[in-house]
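Below you'll find the structure, written out as structure tokens, and then a few comments.
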């Protein structure tokens, strides 16, 4: 009786070689197969490129788009139980990462499909600033509207002195992409980013969206304004003649009113709270 053994080895070109051997025979042969395996740090995304396909069950969009329990039918009870509906940290963080890089039709659809306003903001960074701005305007925001605010925060504000962790979106799926999870509290003075190139600012499609949704993004706009009047990061020069500077001039009185109380109650607005370090990956 012959016994066949299979060996899977990686060559120096990072291609995988499948060896087939027969114990009762001296002959053996191999077939060179290009398997989509990769190093561990790139494991999830590179293992299955189809994860980028919105129709693929591994794509987080299939978990996160709708405020329903349908993910439990699509992904099984284990994943569906952990990622209950779409109002969870994993979905919120994934949508922020995705939409802060490219705002597309799925981001628009998420805003429209998630009008419920009784869920907490599970993707919030700097919860104190977020809650303070809502209180200032007496806002009750929806899950979809929170995506707009969280996306603008991710693009223009850098959390400092807080911890960051990289986690698989769905730990039950081998090729699930990683997401970045921040601590919700911000104990230190934050930093304005992404506004140091005047040419890029004029082409930035996120700024008009933020201004159209000014009350939703009020803490982000106010923090940029605070940096502008304090001349941080050369903002008075880079924002000169832009739509942001026009917005600041038109709304200066209410922005200053907000900032007067924010610098008392919101740690990320308090310049004395200099962080001892930048964000640290867990």
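Readers should treat all values here as calculations from the given coordinates under stated rules, not as data from a laboratory. Fair warning: this is a prediction, and the values are worked out from it, not measured in the lab. Virtual Cβ from ideal backbone geometry, glycine too; neighbours counted across all protein chains shown.
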Legend entry - Semi-axis lengths (Å, descending) of the ellipsoid that matches the C-alpha gyration tensor of region 133-282: 27, 18, 17
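Give, to the nearest whole percent, the P(r) tail of region 97-217 beyond 26 angstrom, counting all Cα pairs. Present the calculation step by step, with values, prior to reporting the outcome.
Numbers: 1705 of 7260 pairs.
When all Cα pairs of region 97-217 are counted, 23 percent exceed 26 Å.
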Inset, instruction - State, to one decimal in nm, how far the label point of residue 242 lies from the label point of residue 214, with both points 7 Å from Cα in the Cβ direction. - result: 1.7
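Stretch residue 118-residue 200 to full length: gain in nm at 0.36 nm per residue minus the Cα-Cα span?
Numbers: separation 82, 0.36 × 82 = 29.52 nm, distance 3.69 nm.
Result: 25.8 nm gained on full extension.
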Inset, instruction - Please give the residues of region 204-226, grouped as numeric ranges, whose backbone N is less than 18 Å from a label point set 7 Å along the Cα-to-Cβ vector of residue 139. - result: 206-226
Inset, instruction - Report, please, the projected area of region 182-236 averaged over directions, based on the convex hull of its C-alpha atoms, in nm². - result: 4.6
Inset, instruction - Take the Cβ-Cβ distance between residue 256 and residue 167 as r, set R0 to 35 Å, and report the resulting FRET efficiency rounded to the nearest 0.05. - result: 0.30
